[in-house]
Amino acid sequence: MTDLSRRRLLTGAGLAVGAGAATGAGLVRFAPPEPAAAAASGELIPFYGPHQSGIATPVQERLQFAAFDLSTASPARVAALLKVWTAAAVRMTAAQEVGRGATGRATAPPDDSGETLDLDASRLTVTVGFGPSFFTRLNLRAPGPLKELPAFPGERLDPARSGGDICVQACADDPQVTVHAVRNLTRLAAGTATLRWSQSGFGRAASSSRSEKTPRNLMGFKDGTNNIAIHDRDKLARHVWVGDEGPEWMYGGSYMVTRRIRMHLDLWDRTPLRQQEDTIGRTKREGAPYGGDEEFDPVRIHALPPRSHVRLAHPDSNDGRRILRRGYSYSDGNDSRGRLDAGLFFIAYQRDPETGFIPLQRQLAARDALNRYIQHVGSGVWACPGGVRRGSFWGEALFS
Ligand SMILES: C=CC1=C(C)c2cc3[nH]c(cc4nc(cc5[nH]c(cc1n2)c(C)c5CCC(=O)O)C(CCC(=O)O)=C4C)c(C)c3C=C
Ligand SMILES: [Fe+2]
């Protein structure tokens with residue numbers, strides 16, 4: 001079952017069987033799918049390319065995010081892990097089993113844990129980033145823009161939900177697929193890295209193009225209306241992708257900021273509608289900016305309340321700065337006072353946090369009317385290397 005494409009077998013799509021296809025034991029073996037061809041089906045997202053997938057990729061429904069700590073100071077061992085992880089991610093994103101599969105030798109634990117055996121790839125993407133501590137631990141030179149984030153007023157960061165040496169962002173339309181991806185990468189890391197914290201997310205709180213209906217966050221507002229559209233190559237090149245400024249291994253990569261932001265939903269739910277809308281600066285049902293009628297009407301910042309979230313976050317209030325948002329809602333049970341532990345797992349990509357997230361968050365932390373209803377409780381900043389070409393692995397140029 002090792003080279004079996006589950007998606008092709010299950011859907012019957014792409015039945016142009018490649019050379020070497022064979023039948024046996026009632027099962028059909030297909031050649032591994034060509035990522036580009038498979039992507040046309042809309043269910044597989046190509047792993048290889050100039051940028052890592054999972055950044056300027058249509059936002060999937062589910063997130064499983066994981067931060068790992070290294071248990072070694074050896075760059076060679078970490079490079080070996082990244083090689084193994086890359087091979088596993090290539091297979092998982094093509095709906096193939098990890099390694100020798102979920103049903104290999106009866107006398108050994110299977111390479112793949114097996115819970116996605118009957119599932120398709122569900123547009124799985126796996127994106128990797130390195131935190132500032134990664135470079136300290138391995139005695140490697142960190143890229144200039146990758147610095148610990150400054151402290152912001154009002155935050156209450158839990159170290160157990162913050163930081164880490166390496167992160168993995170797994171996104172797909174099926175939570176079993178995202179959990180499987182992180183679980184199997186965690187297994188492969190044994191002896192080299194251990195899971196530090198993880199976060200699941202749902203109901204994408206960011207849209208990536210106008211052709212999609214804008215999703216709503218847990219406050220009930222459309223979130224992602226004025227995001228950078230993933231087909232806007234100029235804006236991506238200007239605000240998201242690292243260019244010639246280096247280092248070379250970051251070319252085509254991006255810096256990711258993650259923030260676990262808890263929402264005080266009990267207070268929010270007791271807040272009158274008009275006050276909720278004044279807080280955001282947009283209407284709740286339509287998502288229209290104040291001064292406009294429809295969702296995509298232009299934002300004229302002077303028509304918005306001075307401390308409203310959108311006014312303060314808009315590029316016109318921030319010297320034209322933009323970030324690519326890719327966050328998800330989360331709901332992780334409740335606290336001892338019976339309040340939901342829920343909110344937004346905020347993810348933003350940018351060319352440099354110093355000109356992206358940091359000044360934006362400084363302004364929001366100081367003045368945003370939304371602060372009454374939220375608190376930042378977890379944080380991370382990550383250098384996500386450029387895309388992987390066939391035969392290479394995540395961050396290879398960093399180790400050579
Ligand atoms: C530092 C950056 C940002 C943080 C942190 C943040 C948290 C946060 N946002 C919402 C809800 C909405 N945000 C919206 C727009 C918006 N937010 C940011 C940045 C941060 N948000 C930007 C750059 C923008 C776009 C502003 C613009 O150009 O108009 C919106 C409106 C819809 C939209 O355009 O996406 C909502 C709603 C919450 C609830 C939250 C923390 C929990
Ligand atoms: Fe926002």
| query | Which GluC sites (Glu not before Pro) from region 58-146 combine a DSSP loop assignment with at most 16 other Cβ atoms within 10 Å? | reply | Glu115
| remark: Rounded to the nearest 0.05, FRET efficiency between Asp332 and Arg187 (Cβ-Cβ, R0 22 Å) equals 0.40
| query | Which part of region 140-162 falls in the paramagnetic zone of Ala76, meaning amide N under 18 Å from the point 7 Å along Cα-to-beta-carbon? | reply | 140
| said: What does the charge count around Arg325 come to, taking other residues whose C-beta lies under 12 Å from its C-beta (Lys +1, Arg +1, Asp -1, Glu -1)? | reply: +3
| request: On a C-alpha basis, how far is the centre of region 317-395 from the centre of region 78-130 in Å? Whole number, if you could? | output: 28
| message | Classify region 174-295 from the C-alpha gyration tensor, please: rounded if a/c falls under 1.5, else prolate or oblate depending on whether a/b exceeds b/c. | response | oblate
| In debye to the nearest 20, how big a dipole does the chain give about its Cα centre with +1 on each Lys and Arg Cβ and -1 on each Asp and Glu Cβ? | 380
| task | Tell me the trypsin sites (Lys or Arg not before Pro) within region 83-136 that lie in a loop according to DSSP and have at most 13 other beta-carbon atoms within 10 Å. | result | Arg105
| task | Select from region 342-400 those trypsin sites (Lys or Arg not before Pro) which occupy a DSSP coil region and have at most 14 other Cβ atoms within 10 Å, ordered by residue number. | result | Arg389, Arg390
| Between their Cα atoms, which of Lys147/Lys284; Lys83/Lys147; Lys147/Lys235; Lys83/Lys213 are more than 31 Å away from each other? | Lys147/Lys284; Lys83/Lys213
| message | Using a 7 Å offset from the Cα along the Cα-to-Cβ direction at both Arg339 and Asp319, what is the distance between the two label points in nm, to one decimal? | response | 3.6
| By how many nm would the segment from Leu273 to Ala160 lengthen if fully extended, with 0.36 nm per residue of separation less the alpha-carbon distance? | 37.1 nm
| field | Signed unit charges on C-beta, dipole axis of the chain, positive-most listed residue Phe135, Leu44, Val388 | value | Phe135
| said: Counting only other residues whose beta carbon sits under 12 Å from that of Val84, what net charge do I get with K and R as +1, D and E as -1? | reply: +3
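Computed from the coordinates by the stated procedures, all read-outs in this text should not be read as laboratory data. Nothing here was measured: the structure is a model prediction, and the numbers come from that model. Neighbour counts are summed over all protein chains in view; Cβ atoms, including those assigned to glycine, are modelled from backbone coordinates with ideal geometry.
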